[in-house]
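Asker: Before we start, here is the structure in question, set down as structure tokens.
The values are calculated or read from the model by the stated rules, or taken from the named source; none is laboratory data. For clarity, every value in this text was computed on a predicted model and none was experimentally measured. Here the Cβ positions follow ideal geometry from the backbone for every residue, glycine too, while neighbour counts run over all protein chains shown.
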Amino acid sequence: MKTSPYSPDKFMTRLYDNIVSSPYEQVNNEQEVFTVSEETKAKAKSLFNLDKIPNKTTQFNLVAVGKTLEYDSYTLQKYSVEICQGLNMAVFILTPKKIEKTAPGVVALCGHGYGVRHILNISKKGNKKILPYIDNYQKNFAVELAKRGCVVVAPELFGFGEARLNKDLIKPFYISSCDELSHHLLPYGLTVASIRVYQALVCAEILLQQTNADKDKLSCMGISGGGLTALYASVLDERIKKIVISGYVNTFRDSILSRWHCPDNYIPDILNVGEIYDFACALAPRQLLIESGTKDKLFPITASKKAHENIKRIYALMGAENNLHIDIFDGKHSVSGKKSFDFLSK
């Protein structure tokens, strides 16, 4: 390998050690955890700058799009909703056919791939698919939750699928608009993560509008980039009682900063607030389930286990050990579902 005395490699390696914050490192009791968590939540609010998103909608009026798809145990309906001036969001609601009174409500957030249809098992045209997608790393998890009795709201996340820039719609499904959107949002003090977190919070509001969704069982689940969105949206909104983060809890150093990742993963100044696991610590004592695959090359298991240990310590200090659930499974970068599907449907 060629080297140069002017290469920034060493500088970039040392930058992490000089900048990264460890807000929970010195905490020793529940009150100290509570204080640090409140500070972390306040800083997270500034990081995502949701107040800078102009002309946000306050009333979310769902307009049905196309026909309702009927399945054996649930229905699936697509809607369009304006979330701010100039930006409509496609959102899918999966409703179990058998609901006695109310059911757990889940915001389901997809990762990179086919867009939201990757977790709905529907075609590009919105029809039923007989077979799952070839790369089924997301395990159709929105469908699996609906089959288990959850009311599920699944948005097309900013830059994915139908929510790509017009010029990208003719490109293969796996070509997102994340790169250009990430660059163009920075001058406004926003990121792709900002918009997606806002979308997740809108979906939480939509769930709370559903008369058949249990307001006390509002949950959120995401895989990979959707796990990123699920984590930070849940930090900002304490009404979300249960959180599942799949294929994301790790360290920035060993995952996002160790190799090429989609630019939607990079959030300015986030290391001054803390590591990925510090944001997860801020969720304590709420119910949290983490899925980590032993063969995940994007979020290596050794670093995931390190993150788990940090989170376990904070949950223990909060007296909430039983609210933290960790599923280390033998698999690649994917949803597990072994524990999470039942965890959310209870």
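Asker: Which helices (runs of 4 or more DSSP H) does region 255-346 wholly contain that include 1 or more residues that are over 19 Å from the mean Cα position of the chain (by Cα) and at pLDDT 95 or above?
Answerer: 301-317
Asker: Only one residue in K52, K45, K2 is in contact with a Phe, Trp or Tyr (Cβ under 7 Å, 6 or more places away or on another chain) and not hydrophobic (A, V, I, L, M, F, W, C). Which one? Spell out the reasoning first.
Answerer: Details: K45 fails: in contact with a Phe, Trp or Tyr (Cβ under 7 Å, 6 or more places away or on another chain); K2 fails: in contact with a Phe, Trp or Tyr (Cβ under 7 Å, 6 or more places away or on another chain).
That would be K52, the only listed residue that is in contact with a Phe, Trp or Tyr (Cβ under 7 Å, 6 or more places away or on another chain) and not hydrophobic (A, V, I, L, M, F, W, C).
Asker: Does V235 satisfy the criteria of being more than 21 Å from C84 (Cβ to Cβ), assigned to a helix (DSSP H, G or I) and not charged (D, E, K, R)? Explain how you work it out, then say what you get.
Answerer: Details: more than 21 Å from C84 (Cβ to Cβ): yes; assigned to a helix (DSSP H, G or I): yes; not charged (D, E, K, R): yes.
Taking the combined requirement at face value, the residue satisfies it.
Asker: Of all residues in region 36-88, which are under 19 Å from L120 (Cα atoms), touching a helix residue (DSSP H, G or I) at 6+ places or on another chain (Cβ under 6 Å) and either surrounded by fewer than 16 Cβ atoms within 10 Å (Cβ to Cβ) or not hydroxyl-bearing (S, T, Y) (or both)?
Answerer: Correct list: S73 only.
Asker: How many of the residues making up region 169-193 are surrounded by 12 or more Cβ atoms within 10 Å (Cβ to Cβ), of a type in the set (A, V, I, L, M) and over 16 Å from T229 (Cβ atoms)?
Answerer: Selection size over region 169-193: 3.
Asker: Take region 125-142 and flag every residue that is in contact (Cβ under 8 Å) with a residue 60 or more places away in the chain and either aliphatic (A, V, I, L, M) or assigned to a helix (DSSP H, G or I) (or both).
Answerer: F141
Asker: Hey, D216 hits all of (1) surrounded by fewer than 24 Cβ atoms within 10 Å (Cβ to Cβ); (2) within 15 Å of the chain's Cα centre (by Cα) but one; which does it fall short on?
Answerer: Of everything listed in (1) surrounded by fewer than 24 Cβ atoms within 10 Å (Cβ to Cβ); (2) within 15 Å of the chain's Cα centre (by Cα), D216 misses just condition (2).
Asker: If you take the residues of region 178-211 that are modelled with pLDDT of 95 or more and outside any helix (DSSP H, G or I), which of them is nearest to A108 (Cα to Cα)?
Answerer: This residue is T191.
Asker: Looking for something in a helix (DSSP H, G or I), in contact with a Ser or Thr (Cβ under 9 Å, 6 or more places away or on another chain), surrounded by 22 or more Cβ atoms within 10 Å (Cβ to Cβ) and at pLDDT 95 or above - is there at least one such residue anywhere in region 158-165?
Answerer: Within region 158-165, the subset in a helix (DSSP H, G or I) is 161-163.
Cutting the leftovers down to in contact with a Ser or Thr (Cβ under 9 Å, 6 or more places away or on another chain) gives us 161, 163.
Going one step further and asking which of them are surrounded by 22 or more Cβ atoms within 10 Å (Cβ to Cβ), we end up with 163.
Checking the rest, the ones that are also at pLDDT 95 or above come to 163.
Yes - at least one qualifying residue is present in region 158-165.
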